[in-house]
Amino acid sequence: MPPRIILVVEDEPLLRMAAIDMVESAGFEAVEAADATQAVEILQSRMDICIVFTDIDMPRGIDGLRLAALIRDRWPPIHVIITSGHTKPPQGSLPPDMVFFSKPYRETEVIATMTRMAA
């Protein structure tokens, strides 16, 4: 089985490290980005990412919701998990293949979603 690679997009270093630990402990390979601009650069250079796990609230450019829309338009096979402790997407605003988790999220639920998406 090829490696299942997840791009973790989180501007807070401690939260990013925690998310990377969660992803790797679940058996996935993690790639990290500190903001959406860096995430787009990574997505343009790598064809092996299957899931993007992104925060909504990020500085420097586009937020996680706009990043998710860009991924849907440019890289439709990539699944997206969106998370936030402050902003909640309006009901029905996410495409059916994207999932939202409020922070603090339950890691078991996020991992189950990642496993389902990567299958």
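The values are calculated or read from the model by the stated rules, or taken from the named source; none is laboratory data. Not measured: the values here are computed from a predicted model. In this analysis, Cβ positions are derived from the backbone assuming ideal geometry, glycine residues included, and neighbour counts consider all displayed protein chains. Please note that ligands, DNA and RNA were not included when accessible areas were found on the heavy atoms of the full protein model with its side chains. Shrake-Rupley method; radii C 1.70, N 1.55, O 1.52, S 1.80 Å.
Quick look at the numbers
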| item | result |
| --- | --- |
| Some residue of the range 85-106 being open to solvent by less than 30 Å² (accessible area, probe 1.4 Å) and either under 13 Å from VAL8 (Cβ atoms) or touching a Cys at 6+ places or on another chain (Cβ under 8 Å) (or both) | no |
| Scan of the range 70-84 for residues that are among the aliphatic types (A, V, I, L, M) and open to solvent by 30 Å² or more (accessible area, probe 1.4 Å), ordered by number | LEU70 |
| Strands (runs of 3 or more DSSP E) contained entirely in the chain, each with at least 3 residues that are free of Cβ contacts under 8 Å to residues at least 60 places away in the same chain, among the polar types (S, T, N, Q) and in contact with a Ser or Thr (Cβ under 6 Å, 6 or more places away or on another chain) | none |
| Test: GLU29 is open to solvent by 70 Å² or more (accessible area, probe 1.4 Å) and touching a Pro at 6+ places or on another chain (Cβ under 9 Å) | yes |
| Meets criteria (in contact with a helix residue (DSSP H, G or I) (Cβ under 6 Å, 6 or more places away or on another chain), of a type in the set (D, E, K, R) and at pLDDT 95 or above) for GLU10 | yes |
| ILE56 being within 24 Å of PRO90 (Cβ to Cβ) and open to solvent by less than 70 Å² (accessible area, probe 1.4 Å) | yes |
| Condition broken by ILE51, with the remaining ones in (1) of a type in the set (Val, Ile, Thr); (2) open to solvent by less than 30 Å² (accessible area, probe 1.4 Å); (3) out of contact with any His (no Cβ under 7 Å at 6 or more places or on another chain) satisfied | (3) |
| Evaluation of PRO13 against (1) in contact with a strand residue (DSSP E or B) (Cβ under 8 Å, 6 or more places away or on another chain); (2) farther than 21 Å from GLU109 by Cβ (one fails), failing number | (1) |
